[in-house]
Structure formats: structure tokens, C-alpha cells
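Report on the structure given below.
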Amino acid sequence: QVQLVESGGGLVQAGGSLRLSCAASGGTFGSYAMAWFRQAPGKEREFVAAVNWSGGGTYYAGSVKGRFTVSRDNAKNTVYLQMSSLKPEDTAVYYCAAEVGSATHYTSYSYWGQGTQVTVSS
């Protein structure tokens, strides 16, 4: 069973950048597809980005495509979310998630982190 811990959230001005990290432990990191989700106050959790086990396959929500980049370092058991051109509507708690398998993205994920807050001021 894998444990996930996010970090890197904070307060940033609109147009700025931020990089989130998610460190995994307790499992074979290279066996997992990894994803980022977010949940804004009063809204449902939504998918942001996903990366397959090797890092060679990625998938993005339309709202972040071209602004966010997901990547992973299997030697460090870490997945990243580089966020650029941030907008106030990107404000949310960001969660990383993991699912065993070779696909890039899954409809459900078995393992979740505790989340990290990202606030984008206008």
C-alpha cells in the first residue's frame, strides 16, 4: 500500500507559477499511474492531470492544458505538477492520487494524499 504526501502549495499572484510535489512511500512507485486532482470550496473534486508509470504518457483536463505540466521521477518516488500562468480559478486544495496499472489515467484511484492548498490572488 502506498502513502502519498503533497507539498509545495501556497499563495501566488495571478500569472505566477508554482510547483507541487507528491512523495510516495510504501509501494513500488513505478507500478503506479499518478494523477492530480483539485477541489475548490463548494465544488466537487475534479481531475487535473495524470501520468503513466514511466512518465511517457500524460493526460490533462482542458482547463489546465498548456499551463500545467505533470511529470515524475521514479528514482525519487515523486510526481510533480508544474503550474504556470495561474488564475484565481485555480485556487483549490490539490491532491495526488495513485492507481496500480499501465494506463495513463483511471476513472478511480485507490490511494490519495492529504492535499495541499493553492491560492491564486487576483
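The set of residues in the stretch 6-17 that are open to solvent by 30 Å² or more (accessible area, probe 1.4 Å) and under 11 Å from Tyr94 (Cβ atoms) comprises Ser7, Gly8, Gly9. Pairs are defined by a Cβ separation below 9 Å, a sequence spacing of at least 6 or placement on different chains, a first member in the stretch 103-121 that is without any contact (Cβ under 8 Å) to a residue 40 or more places away in the chain, and a second member that is surrounded by fewer than 18 Cβ atoms within 10 Å (Cβ to Cβ); the pairs so defined are Ser110/Gln1; Ser110/Val100. Of all residue pairs spaced 6 or more apart or on separate chains, those with beta-carbon atoms under 6 Å, a first member in the stretch 59-73 that is of a type in the set (Val, Ile, Thr) and a second member that is assigned to a strand (DSSP E or B) are Val64/Val48; Thr69/Gln82; Val70/Ala49; Val70/Val51; Val70/Thr58; Val70/Leu81.
Okay, residues lined up against (1) among the hydrophobic types (A, V, I, L, M, F, W, C); (2) in contact with a strand residue (DSSP E or B) (Cβ under 8 Å, 6 or more places away or on another chain); (3) open to solvent by less than 40 Å² (accessible area, probe 1.4 Å); (4) touching a residue at least 60 places away in the same chain (Cβ under 8 Å):
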| position | (1), (2), (3), (4) |
| --- | --- |
| Gly26 | no, yes, no, no |
| Arg45 | no, yes, no, no |
| Val51 | yes, yes, yes, no |
| Pro88 | no, yes, no, yes |
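For the stretch 64-86, the tally of residues that are among the hydroxyl-bearing types (Ser, Thr, Tyr), more than 19 Å from Met34 (Cβ to Cβ) and surrounded by 15 or more Cβ atoms within 10 Å (Cβ to Cβ) stands at 0.
Within the stretch 92-122, the set of residues being surrounded by fewer than 19 Cβ atoms within 10 Å (Cβ to Cβ), among the β-branched types (Val, Ile, Thr) and closer than 16 Å to Glu6 by Cα comprises Val93, Thr119.
The values are calculated or read from the model by the stated rules, or taken from the named source; none is laboratory data. These numbers were taken from a predicted model, which means no experiment stands behind them. In this analysis, Cβ positions are derived from the backbone assuming ideal geometry, glycine residues included, and neighbour counts consider all displayed protein chains. Quick note on the areas: whole protein, heavy atoms, side chains included, nothing else; ligands and nucleic acids left out. Shrake-Rupley method; radii C 1.70, N 1.55, O 1.52, S 1.80 Å.
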